[in-house]
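The values are calculated or read from the model by the stated rules, or taken from the named source; none is laboratory data. Predicted model, so just to flag it, every value in this text is computed and none were measured. Here the Cβ positions follow ideal geometry from the backbone for every residue, glycine too, while neighbour counts run over all protein chains shown. For the accessible areas, the whole protein counts, side chains as well, though only heavy atoms, and no ligand, DNA or RNA atoms are used. Shrake-Rupley method; radii C 1.70, N 1.55, O 1.52, S 1.80 Å.
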Amino acid sequence: MGFAVVESLIPWRQEVVAIGKPISSDLRERIARGGEAGQSRRAMAARFEVAPSTAVRLQARYAATRSVAPARQGRPAGSGKLGPYREAIIGKVKDKPDITMPDLALWLESEHGVSVDPSNLSKLLCRQGFTYKKTAAGLGARTQ
């Protein structure tokens, strides 16, 4: 497990938080080989100074898949609440580039029955490459 210094909600204060990282591939292989050699999972955990639960999960994964590669972390891309409506949202923004996020949220709720915070719509559009540009007249338009 790694540690990172992150900004706090209080500007002058920093916090240290633990961030989960996969253990190295060579250590994974040694733990898996030890399990194949007949050593207990707890013994392997003590020998390589990892948590017993780590050794148990690693050897169970190896027994099931014959692989010690770490599993993908995080949610699969395109899943989540807005995933099924992504194309409809993008289409609406292309039809009306100056639509506001609250208006887009209201449209999504009235047309598709999905209640969502406007900030999540903005995040989705930014991930899709849309930006919001203001003109000299103070009007804005979405561009891609």
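Of the residues examined, A88 is not one that is over 30 Å from G129 (Cα atoms) and at pLDDT 90 or above.
Of all residues assigned to region 53-61, none qualifies as being over 24 Å from Q73 (Cα atoms), touching a residue at least 12 places away in the same chain (Cβ under 8 Å) and small (G, A, S).
Within region 41-57, take every residue that is aliphatic (A, V, I, L, M) and touching a Lys or Arg at 6+ places or on another chain (Cβ under 6 Å) and give me the one that is surrounded by the fewest Cβ atoms within 10 Å (Cβ to Cβ). Once the filter is applied, the top-ranked residue is V56. Residues in region 71-87 that are surrounded by 15 or more Cβ atoms within 10 Å (Cβ to Cβ) and either of a type in the set (G, A, S) or closer than 30 Å to R61 by Cβ (or both): none.
All of S40, S115, S79 fail the test of being at pLDDT below 90, more than 24 Å from T131 (Cβ to Cβ) and of a type in the set (S, T, N, Q), apart from S79.
For region 49-93, a residue qualifies if it is of a type in the set (D, E) and under 24 Å from the mean Cα position of the chain (by Cα), and exactly one does: E87. Out of L121, L108, L104, one residue alone is within 23 Å of the chain's Cα centre (by Cα), surrounded by 14 or more Cβ atoms within 10 Å (Cβ to Cβ) and at pLDDT 85 or above. It is L121. Taken over region 25-38, the criterion of being over 15 Å from A69 (Cβ atoms) and open to solvent by less than 80 Å² (accessible area, probe 1.4 Å) is satisfied by G34, G35, G38.
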